[in-house]
Amino acid sequence: MIYTSYEMVRDCRADKPEGWSYFISNYVPVIRKLLAHYAKPDRRLEDVLAALRKPDSSLFQSLEPAPERWFVAELRQTVLAEIEPPVPEVPIDLETVASALEPLTLVEKQVTWLETMRYNHGATGTMMRMAQPTVEKIRARASELIRGKSDAWRSTLLSDNGLALGREAVAAAGKECLPARSFLDVLDGRTTWPEREQMERHVNQCWHCIDHFCRMVEVVDLLRGLKPLTDEEALPYRSLLGVKTEKPSAWKRLFGS
Ligand SMILES: [Zn+2]
């Protein structure tokens, strides 16, 4: 039997050690990557894990059993909620960004939004399957457009404001906004051209959906080549979270094959 994220969510909700062991082995590496990317070095992995383990943590209580990428998307939001956004030297709000970037195509908006998510030209090129010079060109144009609307300017304007802009975008959800599945269908190549055109008509005008789309691109990227912790590496986290380890049946399932 294969133990999946469905079982994990169910078992963590029920506070079973199988669920938490699986969570630690498979998703501590994701949390580590997210913190390294988004947080200051003093935001400790151990503290974030302890917050997720608290009974009032929303991660497992609000989440239905879900496929892995859905779960990681939720995990990403929960981990980022644990990070204090920096105070930007030059603040900018979503409305200003949205009006500045209005002339861009959807792909250009995504490339620009990934800058708020702190992905450099190279990483963005990989995520968007695009040559790095193309990314640079799009971002240069986006910078110019934003400079035209903003009183002050810094080259790090978008990344400095990224966490705050992301939270604004999440809060801006509307009735027509698309579910995660729609974005994953596009990324997996399951969307037909007419479907895609229809979808883009909404997404191109909606920063909630552009952000959501970019977050799903990020999730796919986060999971690429990710290695679970070894038994030995997982041990300190299991003891930190008070997860019992003497469960041979779970071990067999997790590490048996
Ligand atoms: Zn939308």
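The values are calculated or read from the model by the stated rules, or taken from the named source; none is laboratory data. Just so we're clear, the structure is a prediction, and the values are computed from it rather than from any experiment. Ideal geometry is used to build each Cβ from the backbone, glycine not excepted, and the neighbour counts take in all protein chains shown. Side chains are part of the model used for accessible areas, which takes the heavy atoms of the whole protein and leaves out ligands, DNA and RNA. Shrake-Rupley method; radii C 1.70, N 1.55, O 1.52, S 1.80 Å.
Mean sequence separation of contacting Cα pairs (under 8 Å, at least six apart), scaled by the length of the chain, corresponds to a relative contact order of 30 percent. Take the Cα of residue 1, step 7 Å toward its Cβ, do the same at residue 244, and the gap between the two points is 1.8 nm.
Fully extending the segment from residue 99 to residue 235 would add 44.0 nm, taking 0.36 nm per residue of separation and subtracting the current Cα-Cα distance. Estimated purely from DSSP H runs of n ≥ 4, each contributing -39500 (n - 2.57), the mean residue ellipticity at 222 nm for the chain is -19500 deg cm²/dmol once divided by its residues. Label separation (residue 83 vs residue 106): 2.7 nm, computed from points 7 Å beyond Cα along the C-beta direction. The Rg/Rh ratio for the chain is 1.00, where Rg is the radius of gyration of the alpha carbons and Rh is the Kirkwood radius.
Going by accessible surface with a 1.4 Å probe and the largest first, 42, 151, 185 read 151, 42, 185. Subtracting the Cα-Cα distance of residue 192 and residue 56 from 0.36 nm times their residue separation leaves 44.8 nm of extension gain.
Accessible area of residue 95 (1.4 Å probe, protein heavy atoms only, ligands and nucleic acids ignored): about 140 Å². Whole-Hz Karplus values for the range 176-191 come out as 8, 5, 8, x, 3, 4, 4, 6, 5, 4, 5, 5, 8, x, 9, 9 Hz, taken residue by residue from phi with 6.51 cos²θ - 1.76 cosθ + 1.60 and θ = phi - 60°; glycine and proline positions read x. Across the range 1-151, C-alpha contacts under 8 Å between residues 6 or more apart give a mean separation that, scaled by the residue count, equals a relative contact order of 22 percent. Surface analysis of the chain yields an accessible area of 52 Å² per residue, using protein heavy atoms and a 1.4 Å probe.
What a 1.4 Å probe finds exposed on the chain is 51% carbon and sulfur by accessible area, rounded to a whole percent. Using all pairs of distinct alpha-carbon atoms, the Kirkwood hydrodynamic radius of the range 133-257 works out to 18.7 angstrom.
The calculated FRET efficiency for residue 47 paired with residue 172, based on their beta-carbon distance and R0 = 30 Å, is about 0.50. Applying the criteria of a DSSP loop state and at most 14 other Cβ atoms within 10 Å to the trypsin sites (Lys or Arg not before Pro) of the range 1-102 yields 44.
Spin-label model, residue 150 to residue 40: label points 7 Å out along the Cα-to-beta-carbon direction sit 2.1 nm apart. Backbone amide hydrogens, once placed in the peptide plane, bring residue 173 within less than 5 Å of nothing, excluding anything fewer than 5 places away on its chain.
Taking a ≥ b ≥ c as the square roots of the eigenvalues of the Cα gyration tensor, an a/c ratio of 1.5 or more together with a/b no larger than b/c marks the range 109-195 as oblate. Were the residues from residue 220 through residue 15 laid out at 0.36 nm apart, the gain over their Cα-Cα distance would be 71.1 nm.
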